[in-house]
Amino acid sequence: MSLETIYFVAGIVTGLGVIVSLLFVGLQMRQANVLARSEMTSATLDRFTPFWFQLSSDPELARAFQSLIFDGAKVEEPQASQLIYWFAPYINVVRAAYEDHKKGLMDEWALEMVEAQFVLMLRNPFFRSVYEDVSRRSGRSFMGEDAKEWITRIDRQIDALRDDLSRDAEKTEAREGLEG
């Protein structure tokens, strides 16, 4: 075997070694990204824990929340103020989850879960008015540059939910009309 052939074979082996190393590094980077996104998704969801803990640790506040969400009842003071002070920062945590997702730091399924829960709360006029107040303040850069995009996204989800509820009500009325 000539020296030239040995150099040629060594060059091919070296090239293959570099290619395999790059593939391995790429695979490791991909796995690291998946792990980092998973950890960030978990950290983002953990931001909601203090809100739910506060709600569950105060029986009067929990009853007020429950009557708003499930019964549509009006809430009197001091629970109304407490719920405002509970919900206003909650809005910011939902918006922060959207920002994390937009940066590629949070999984889509987690954002959908967070926003679906949030939009269900906004069905109630009390929470809707707090949201609208915070949204208006966002025009003064209260929530940053992307606030309008997020508000538009939430408003579209509210409209879609409203349309779904209207269709459900129409179906129920039609069913009751046929039965009656």
Result of the Cβ filter at 6 Å on the stretch 1-26, keeping first residues that are in a helix (DSSP H, G or I) and partners that are exposed (fewer than 10 other Cβ atoms within 10 Å of the Cβ), at least 6 apart or interchain, is none
Sole miss for M106 among (1) over 26 Å from A43 (Cα atoms); (2) not in a helix (DSSP H, G or I) is condition (1)
Output for Cβ contacts, cut-off 8 Å, separation at least six or different chains, first residue under 14 Å from E132 (Cβ atoms) and of a type in the set (G, A, S) in the stretch 147-159, second part of a helix (DSSP H, G or I) and at pLDDT 85 or above, reads A147/R95
Could you say whether any residue in the stretch 98-110 is exposed (fewer than 12 other Cβ atoms within 10 Å of the Cβ) and more than 29 Å from S56 (Cβ to Cβ)?
yes
(Q) Please determine whether any residue of the stretch 46-59 is at pLDDT below 85, β-branched (V, I, T) and either under 30 Å from D146 (Cβ atoms) or part of a helix (DSSP H, G or I) (or both). (A) no
Result of the Cβ filter at 7 Å on the stretch 52-76, keeping first residues that are charged (D, E, K, R) and partners that are surrounded by 12 or more Cβ atoms within 10 Å (Cβ to Cβ), at least 6 apart or interchain, is E60/Q79
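The values are calculated or read from the model by the stated rules, or taken from the named source; none is laboratory data. Just so we're clear, the structure is a prediction, and the values are computed from it rather than from any experiment. Positions of Cβ are generated from backbone atoms using ideal geometry, with glycine treated the same way; all protein chains shown enter the neighbour counts.
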